[in-house]
Number of protein chains: 2
Amino acid sequence: MIFRQLFDQTSSTYTYLLADQGQAVLIDPVIDNTDSYITLLKELDLTLVLAIDTHTHADHITALGKLRELTGCETRVGEQSKADCANGTYRDGDTLNVGGLTLTTLFTPGHTDDSYTFMLEHDGDTSVFTGDTLLIRGTGRTDFQNGNARDQYQSLFSNLLKLPAHTWVYPGHDYKGWMVSTIGEESAHNPRLQVKDVEEYVNLMNSLDLPNPKMMDVAVPANQACGEV
Amino acid sequence: MIFRQLFDQTSSTYTYLLADQGQAVLIDPVIDNTDSYITLLKELDLTLVLAIDTHTHADHITALGKLRELTGCETRVGEQSKADCANGTYRDGDTLNVGGLTLTTLFTPGHTDDSYTFMLEHDGDTSVFTGDTLLIRGTGRTDFQNGNARDQYQSLFSNLLKLPAHTWVYPGHDYKGWMVSTIGEESAHNPRLQVKDVEEYVNLMNSLDLPNPKMMDVAVPANQACGEV
């Protein structure tokens, strides 16, 4: 398996390249970096067969449309997404196959109402690509795009934190220079996961009072068109 | 083994945490991030036993002195370093042991006259922490601090590129959001490694005409004092 974590410095977004048997998938690609993805795919002798987003992003524009145009890859978004431009959708519990790899989709709403986590089991390791649901020592905000702190609590405590402690956590963003964590580490040390119940979590998330992302008014409609506006 | 790659956004520096059997080493720690290293070590239940620099940095201040002060860890720099503040030095071919891990030091001058690469063999994988000698799709500049393009050519072509193609390359910096590569990939696709001989490499490096790092006048003397000025 080929695995690369790629960082977009403008939006602090992580994009993941996974490949096997010459076939590749990109998770959460950023439109500004399309040329560098194409170069890397070529250098590693890979065919991009699939590009997927964990959710409709508000802080950057997706490369799904541009990658499909340039490579002919399939593009898929969650069935709850308002983007009707992708080739297809996925729903909770679906499996997405790339080479010999299988990504299982876990519906983890809360940051948005179309937020998913992708789970990969490979060579004895389990990894989750958590988008903005679970970040390293943080969680994604829940105050726009039909976000819901109550749903996110369930996604975290009834779904992701039930995974084995040694599960690798690969987030959709990081703002502090951290790249990977584990479910056990987040469970023990993520300050937002130390709440005693859902009410405390909802109060915590509702008290954050964050400014809107700078790109939100541009990015959300653009992403509903797979970046092709 | 515990492995973490940590990114300093101000200087685009990678710091590496390697640990085994509860003992940890930090490679190229940045002084501004000392508190976050200490927190992470505590959360992962690790004792920092060693902090090392690949070379005397000109773009950030090392955390070696501060980490030693706070944790009592050993600090070591290359024997060619002008920093006489460390506990000890290492030289070409030395082995540094942390838990059950062994780092082998490879003298790879060129970016500076005290530049080293650390090699780790673990669980069938070989990884090199190349500092500023070999970057992803680049190499470190050779125009100050007794840098020498001719020496760097030898360090690259007669040393690092002789390693097996599947050797993981973990650089000291990246400015484009890339985190890891391999010797095979760099050999084939790093534009600076496509030269036909040492003269072409020297000409290439001497034509770069780069401005000095913003922090150079502060960082170099500070680093010669292990960051404690």
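General remarks:
- Area accessible to solvent at B:Lys176, 1.4 Å probe radius, in Å²: 130 Å²
- Minimum 50 Å² accessible area buried by the other protein chains, the range A:43-77 residues, probe 1.4 Å, relative to alone: A:Glu43
- Its residues counted as N, chain B yields a C-alpha radius of gyration over 2.2 N^0.38 Å of 0.95.
- Highest-fluctuation residue, A:Gly138, A:Gly177, A:Gly78 considered, GNM on chain A with Cα pairs under 10 Å: A:Gly177
- Virtual spin-label span in nm between B:Ser207 and A:Asp84, 7 Å along Cα→Cβ: 5.5 nm
- Shape class of the range A:122-229 from the Cα gyration tensor (axes a ≥ b ≥ c, square roots of the eigenvalues): oblate, since a/c reaches 1.5 or more and a/b does not exceed b/c.
- Surface composition of chain B: carbon and sulfur atoms hold 46% of the protein heavy-atom accessible area at a 1.4 Å probe.
- When B:Glu186, B:Glu121 are compared by accessible surface with a 1.4 Å probe, the order from highest to lowest is B:Glu121, B:Glu186.
- Selected from A:His55, A:His189, A:His173 as most flexible by GNM, with chain A as the system and alpha-carbon contacts under 10 Å: A:His189
- The range A:1-130: C-alpha gyration tensor shape, a/c 1.5 cut-off, then a/b vs b/c: rounded
- Expressed to the nearest 5 percent, the antiparallel share of DSSP beta bridges inside the range A:1-76 is 60 percent.
- Most to least accessible of A:Arg150, A:Arg76 (protein chains only, probe 1.4 Å): A:Arg150, A:Arg76
- Label point of B:Val218 (7 Å along Cα→beta-carbon): distances to the other copies' equivalent points are 3.2 nm, sorted ascending.
- For the protein assembly as shown: accessible area per residue (Å², 1.4 Å): 41 Å²
- Between the amide H of A:Glu74 and those of A:Leu50, A:Ala51, distances stay under 5 Å, these residues lying 5 or more places away or on another chain, with hydrogens modeled in the peptide plane.
- For the residues A:Ala58, A:Ala188, A:Ala83, a GNM of chain A with alpha-carbon springs under 10 Å puts the largest fluctuation on A:Ala188.
- Under-5 Å amide H pairs with A:Thr182, H placed in peptide plane, nonlocal only: A:Val169
- Where only DSSP H runs of four or more residues are counted, the protein assembly as shown gives -6000 deg cm²/dmol as its mean residue ellipticity at 222 nm, each run worth -39500 (n - 2.57).
- Phi-derived couplings, Karplus 6.51 cos²θ - 1.76 cosθ + 1.60 at θ = phi - 60°, listed residue by residue for the range A:30-44: 10, 4, 5, 9, 3, 4, 6, 5, 4, 4, 5, 4, 5, 5, 8 Hz, with x used for Gly and Pro.
- Our summary gives the range A:1-80 a relative contact order of 25 percent, counting only alpha carbon pairs under 8 angstrom and 6 or more residues apart.
- Nearest-0.05 FRET efficiency for B:Thr102 and A:Phe144, computed from C-beta distance (R0 56 Å): 0.65
- Over the range A:103-229, Cα pairs under 8 Å with separation of 6+ residues give a relative contact order of 22 percent.
- In chain B, Cα pairs under 8 Å separated by at least six residues give a relative contact order of 19 percent.
- The alpha-carbon of B:Lys66 sits under 12 angstrom from the alpha-carbons of these aspartates and glutamates, leaving out residues fewer than 8 places away in its chain: B:Asp32, B:Asp35, B:Glu74, B:Glu228.
- Accessible area of A:Met119 in the full protein assembly, 1.4 Å probe (Å², nearest 10): 30 Å²
- Note that the range B:95-107 has calculated 3J(HN,Hα) couplings of 10, 10, 9, 9, x, x, 8, 10, 9, 9, 8, 10, 6 Hz, one per residue in order, obtained from phi through the Karplus relation 6.51 cos²θ - 1.76 cosθ + 1.60 (θ = phi - 60°); glycine and proline are x.
- Of B:Lys42/B:Lys162; A:Lys42/A:Lys82; A:Lys176/A:Lys214, pairs whose Cα-Cα distance is over 28 Å: B:Lys42/B:Lys162; A:Lys42/A:Lys82
- What the phi angles of the range B:133-142 give under the Karplus curve with 6.51, -1.76 and 1.60, with θ = phi - 60°, is a coupling list of 6, 10, 9, 6, 6, x, 9, x, 4, 10 Hz, glycine and proline written as x.
- Interface area, chains A and B: about 1800 Å² of buried accessible surface, summed, with a 1.4 Å probe and ligands, DNA and RNA left out.
- Taking all protein chains together and rolling a 1.4 Å probe, A:Ile52 ends up with roughly 0 Å² accessible.
- For chain B, B:Cys73 have no disulfide-compatible partner, since no other Cys C-beta lies under 4.7 Å from theirs.
- Built amide H within the under 5 Å cut-off of B:Thr54, gap 5+: B:Asp28
- Separation of alpha-carbon centers, the range B:179-229 and the range A:182-229, rounded to whole Å: 38 Å
- Kirkwood radius and radius of gyration were both taken over the C-alpha atoms of the protein assembly as shown, and their ratio Rg/Rh is 0.98.
The values are calculated or read from the model by the stated rules, or taken from the named source; none is laboratory data. Given the structure is predicted, the values throughout are model-derived calculations rather than measurements. All Cβ positions, even for glycine, are placed from backbone atoms using ideal geometry, and neighbour counts span all protein chains on display. Heavy atoms of the whole protein, side chains included, go into the accessibility calculation; ligands, DNA and RNA do not. Shrake-Rupley method; radii C 1.70, N 1.55, O 1.52, S 1.80 Å.
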